[in-house]
Every structure is written in C-alpha cells, then in structure tokens.
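What follows is calculated from the coordinates using simple rules that are stated; it is not laboratory data. The shown structure was predicted, so the numbers you read here are calculated from the model rather than taken from an experiment. All Cβ positions, glycine included, derive from the backbone under ideal geometry; neighbour counts span all protein chains shown.
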Amino acid sequence: MEVKRVVKEAREAFESGVTRSYSWRRSQLRALKAILLEKEADIFNALKLDLGKHRIEAYRDEVDVPLVCFPATGEIVAEPLGVVLIFSSWNFPIGLSFEPLVGAIAAGNAVVLKPSELAPASSAFLATNLPKYLDNSVKVVEGASHIGEQLLEHKWDKIFFTGSSRVGRIIMTAAAKHLTPVTLELGGKCPAIIDTLSRARDIEVTINRVAGAKWGPCSGQACIAIDYLLVEEQFAPLLVDLLKAKIKKTYKDPENSARIVHKQHFQRLSNFLNDSAVAASVVYGGSFNAESLLIEPTILLNPPLDSEIMREEIFGPLLPVITLKKIEDSIEFLKVRPKPLVIYAFTVDEKLKRRVIEETSSGSITFNDAMLQFAVDSLPFGGTGESGFGKYHGKFSFDQFSHGKAILRRSFLIELSCRYPPWNEWKLQFIRYIYRFYYIGIILMLLGLKR
Ligand code: NAD
C-alpha cells in the first residue's frame, strides 16, 4: 500500500507540472546542497555505522567534489560498441536500413542487418548489393519473424530496431538477457492540431500539408504520418469539405497512392470499420479492394474515442477528425494519451505553441508542416515512452552506435598525502580548505605542500 501511494504521489507531482519550473529545480538542488552542509555530522555518522568509513574518507568521497584530482585533464573517446544488429521495417525499406547503417559503420561497428520480409524485393536488393559493395563485416540476413527470433538468441553489443511496439517489447526482453543496449524506433498515433482555419491565407497550405502527410508517402503507412486531426468543432465542417476536395483533386487516383503492404495489414485496417459506431462516422470514402489491397482515402468524423481506431496506431489512409470545444483542449487531450512519435500543430498562436512544447510529451514537434522533420539531420529523430527511445540521424546516429568512454589523465607531478590514511584533523581541514578556497588550494598544491 505504501509503495503504491508513493508511486502515485510521485506521478501526481510530475503531472502537476511543478518539477518543470526553473525555480523548483534550483530550490531542490539547493536543498540537496543544504543537506550536505547542514547534516554533515549525521552523514559521517551513518557512513561510519554502515561501512566503517572514517569521516575524512567520507568527506573526500561522498560529500565533496574531488578536487584532489588536480591537476588533470579529461576527454571523451568514442568507442565502437562492437557487433550490432539492425532490424528495419518494410515501409521505407531502403532508407530505414541505410540510415542506421551509416551511423553504425561511421562509429566503427560490425553490422548484421535484418530487413523486413514484407518488402521482399527491397530485402533481396540489400542482400545482393550490400555484400558486393561493402566489406564482409557488414552482413544481411533475410527472413521472417522466426529468423528474427533466431538472431535474438545471440549476444549482440547493440540492437537497433525499427518496427512495432509489440515486437519492440520482444526485442527488449531478448536484449535484457545480455544487458545489450537497444534503440527502439517505434510508432504510435501522431496527432495534428489544426488551428489555422480562421486564417484564409494559411488554409490552402495547411490542407496541402495535412493531406500530403496522410495520403502521400505510403498512404499513411509511415511512422510519422498524421494519424488523426484535432480541430475546434466550429471549423470541422469546413475542414472536412476542404479535405474531401483535396482528395478528389489529388489522391483519388490509385496511381497516386501506395497499396497496403500486406493482406494482414489490409485486414487490420478493414477491421477498424467492423465497429458499427466507427463505420457510422465515415464521412468520406470507406471503400476497400481486397484484390488490389487498395483503400480509398477515408475521413471519419468523431469515431468513439474508446474504439480501436482511436486506440491503435492506424498506419493507413483512414483519417479520424476529432472535434474539441476549444483548440486549447487539445493539450489535455494529448496529455492523457500515450506519448506519440511526433505532435504536429498548424497554428500561428505563439501561446498555443508554447503550451504544446511545455505541457505535452512526444519524440518531436513540428509546427505548420508534417514529416519534414525526418529530413533535418541536425535534429535528433526518435520517440519517447510508447513511441520508443534512443535518437539518431546525423551526428546523433554516430553517438547512438558509440560508447563515450571517459578518460582522465593525471601526471605524477603532485601527490597529496591527505588523500590517504592515516587520517587526522589536519587532513580533513586541508581537504575542506582546497574546496572552499579553490585557487589558494591550487597554489598550495603547486608549491607541493605535503604533510
Ligand atoms: P514489425 O514490428 O512487425 O516488424 C519489424 C521487424 O521485426 C521485421 O524485420 C520483422 O521481421 C521483425 N520481427 C517481427 N516479429 C519478430 C519476432 N517475434 N522476433 C524477432 N523479429 C521479429 O513492424 P512492421 O509492421 O514491419 O512495421 C510497422 C511498424 O513500424 C509501425 O508500428 C511503425 O510505426 C513502425 N515504424 C517506426 C519507424 C520509426 O522510425 N520510429 C519507422 C517505420 C516504421
């Protein structure tokens, strides 16, 4: 009961927002410092009772900054992690294989790449061509989930996984056996807040970008595709009309959309409409062709929030539009749901932007566009919470596949005997002294003052 209460209170404290403020962080860090200063005798006493530590040893190691390290230099050396296993997904089968490969190779690792079996031609392309162009320390293993399972039986120095959160959990469980670090690039429901419909000059661009991020690349089968829209109820009819017109103009022709990758995924998408309340919310589209695996761009207005389509990642051309009384309500709406990979917000309202940044959590945020953030290599790409963890792209990819090894270099120039027993009062005073009067301490040390 006690543990339950503590966990609940800690979460409530975080959710109240109190821990985010600068003043809270500063006051709490000061409070920590105050404990060290005011309760020094109690700390010495506890360490004596638990570990038999002399109070000078305690001060040197647990209370104070180890200035006795002076003089020294420090550096961080990037070390390759070793042999890394990369799983890529089928929706951008070449790009999502190359992107992590670049980071793994740049950091000096050997790599085994397991492309998705759901994009067999791309998988075969990688299996044929990577060995032709690259040295054999980069290998490709093709196959379905059972091959993935076999790979996971081995010890890896890093696993980089792009795929679903269901398989992400399997990956993490397997990795735990060997304490292998993992990066999980997962999916989720990326919302888009639409707050530009009262601004005539921004409407067209908003609709172009929203439609492009839903019915453009892979027909919504992208981890950063818009999953659903949030809009003020007064603007919903206008939004739906504009989206319908956009579909008719640009996305009606199957040539302009990708087909659903697999029968299984097609079935999953059509099952969303088995729920009669969801089917009743369709205001445009809704036709499915099981032969060609094509699904018409589809708009749903206010499907029930507890239905599967609003709980699961959609990953297809179905677009729910959810209405809110006020656009500011979108903050609360997002706060109580799993953290998405991206939050999109089309708005020029700086106050709303600030609230989205400060009060919601997601892998990233893009204002007034969608999907483009993936191409910006100076920004890290990755999720948080349910959408995964670990960041890559550009230099972040290099870091993701490296261990930053800390190196401290000392010389034999100065040796302070006050670091070692036998302990006496003078040594404690000396250590205090060099902490409080840093520069004087340095001078004294430079003079080689020893006892
Ligand atoms: P998936 O999880 O089904 O498969 C991904 C990989 O895992 C494949 O190579 C597959 O063969 C392998 N696999 C499947 N089952 C396995 C098992 N039991 N053991 C070991 N390996 C196994 O994912 P998917 O359906 O191919 O891809 C879609 C998902 O990927 C979506 O959720 C999407 O959001 C996500 N995704 C995320 C990103 C990102 O960068 N964050 C990018 C693209 C896709």
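Could you pull out the pairs from LYS139/LYS214; LYS189/LYS263; LYS4/LYS335; LYS114/LYS395; LYS139/LYS177 whose alpha carbons sit more than 25 Å apart here?
Values: LYS139/LYS214 34 Å; LYS189/LYS263 22 Å; LYS4/LYS335 22 Å; LYS114/LYS395 23 Å; LYS139/LYS177 23 Å.
Check vs 25 Å cut-off fails for LYS139/LYS214.
Beta carbons within 10 angstrom, averaged per residue: use that to sort the peptides 160-172, 89-101, 125-137, 309-321, highest first.
Values: 160-172: 19.1, 89-101: 20.8, 125-137: 12.4, 309-321: 22.5.
Ranking the peptides 160-172, 89-101, 125-137, 309-321 by packing returns 309-321, 89-101, 160-172, 125-137.
Note the full-extension length gain between LYS39 and ASP377 as 0.36 nm times their separation in residues minus their Cα-Cα distance, in nm to one decimal.
Working: separation 338, 0.36 × 338 = 121.68 nm, distance 4.82 nm.
Answer, rounded to one decimal: 116.9 nm.
Pull up all non-local amide H partners of VAL140: gap of 5 or more, or a different chain, and H-to-H distance under 5 Å with H placed in the peptide plane.
Hits under the 5 Å cutoff: LEU113.
Check SER116: other-chain or 5+ apart residues with amide H under 5 Å from its amide H, H built from backbone geometry?
Residues meeting the criterion, in which the H sits 1.01 Å from N, are SER88.
Check LEU230: other-chain or 5+ apart residues with amide H under 5 Å from its amide H, H built from backbone geometry?
Here the answer is ALA192, ILE193, ILE194, ILE322, since their amide H atoms fall under 5 Å of that of LEU230.
I'd like the Karplus ³J(HN,Hα) series for region 268-280: coefficients 6.51, -1.76, 1.60, θ = phi - 60°, whole numbers in Hz, and an x wherever there's a Gly or Pro.
Once rounded to whole Hz, the list reads 4, 5, 5, 4, 4, 8, 5, 6, 4, 5, 5, 4, 5.
If you add up the charges near VAL210, with Lys and Arg at +1 and Asp and Glu at -1, over every other residue whose beta carbon is less than 13 angstrom from its beta carbon, what do you get? If you can, show how the numbers build up before the last one.
Values: positive: ARG209, LYS214, LYS244, LYS246; negative: ASP195, ASP202, GLU204, ASP227, ASP369.
Taking every Cβ under 13 Å from that of VAL210, the sum is -1.
Given R₀ = 56 Å, what would the calculated FRET efficiency be for GLU15 paired with TYR433, taking r from the Cβ atoms and rounding to 0.05? Numbers along the way, then the final one.
Numbers: r = 45 Å, r/R0 = 0.81.
Calculated transfer efficiency: 0.80.
Can you pull the semi-axes for the chain, root of five times each eigenvalue of the Cα gyration tensor, sorted largest first, whole Å? Please report the intermediate quantities before stating the final value.
On the way: eigenvalues 544, 180, 77 Å².
Ellipsoid semi-axes (Å, largest first): 52, 30, 20.
Convert each backbone phi in region 415-425 into a coupling constant with the Karplus relation 6.51 cos²θ - 1.76 cosθ + 1.60 (shift: θ = phi - 60°), then list the ³J(HN,Hα) values in order as whole Hz, x for Gly and Pro.
For region 415-425, the Karplus-derived couplings read 10, 8, 5, 5, 6, 10, x, x, 7, 8, 4 Hz, x marking Gly and Pro.
Below 8 Å, C-alpha to C-alpha, sequence gap of six or more: please give me the relative contact order for region 91-190 in percent.
Values: 108 pairs, mean separation 21.5, N = 100.
Worked out over region 91-190, it gives 22 percent.
With an 8 Å cut-off on Cα pairs and a minimum separation of 6 or more residues, tell me the relative contact order of the chain in percent. Kindly include the intermediate steps, with their values, before the conclusion.
On the way: 741 pairs, mean separation 82.3, N = 451.
The value is 18 percent.
Short version: ³J(HN,Hα) in whole Hz for each residue of region 397-404, in order, from phi by Karplus 6.51 cos²θ - 1.76 cosθ + 1.60 (θ = phi - 60°), x for Gly and Pro, what are they?
Karplus-based 3J(HN,Hα) across region 397-404 equals 5, 4, 4, 4, 9, 10, 9, x Hz.
What is the sum of charges around LEU324, taking Lys and Arg as +1, Asp and Glu as -1, for the other residues whose C-beta is under 10 Å from the C-beta of LEU324? Walk me through the numbers before you get to the answer.
On the way: positive: LYS325, LYS326; negative: GLU232, GLU233, GLU328, ASP329, GLU332.
Result for the local shell: -3.
Rounded to a whole number, what is D in µm²/s for region 1-134 from Stokes-Einstein with the Kirkwood radius over alpha-carbon pairs (20 °C, 1.002 mPa s)? Before the final figure, lay out each step's value.
On the way: Rh = 21.2 Å.
Estimated via Stokes-Einstein, D reaches 101 µm²/s.
Hey, what D do you get for region 94-155 in µm²/s if you plug the Kirkwood alpha-carbon radius into Stokes-Einstein at 20 °C and 1.002 mPa s? List each step's numbers first, then the result.
Details: Rh = 12.1 Å.
My calculation gives 177 µm²/s for D.
Can you check what the net charge comes to around GLU308, using other residues whose Cβ is under 10 Å from the Cβ of GLU308 (Lys, Arg +1; Asp, Glu -1)? Each step should come with its number before you reach the end.
On the way: positive: ARG268, ARG311; negative: ASP275, ASP306, GLU312.
Summing Lys/Arg as +1 and Asp/Glu as -1 gives -1.
Out of the DSSP beta bridges found with both residues in the chain, what percent are antiparallel (nearest 5)? Spell out each step's value before the answer.
Working: 16 of 51 bridges.
Given both bridge residues lie in the chain, the antiparallel proportion sits at roughly 30 percent.
Determine the relative contact order of region 191-382: mean sequence separation of Cα pairs under 8 Å and six or more apart, normalised by residue count, in whole percent.
On the way: 311 pairs, mean separation 53.3, N = 192.
Worked out over region 191-382, it gives 28 percent.
Return the Cα extents of region 191-382 along principal axes one, two and three, sorted largest first, each rounded to a whole Å.
Taking max minus min along each principal axis of the Cα atoms, region 191-382 gives 48, 38, 33 Å.
Starting from 0.36 nm per residue, how many nanometres of slack lie between LEU305 and PHE98 once their C-alpha separation is accounted for?
Values: separation 207, 0.36 × 207 = 74.52 nm, distance 3.73 nm.
Additional length available on full extension: 70.8 nm.
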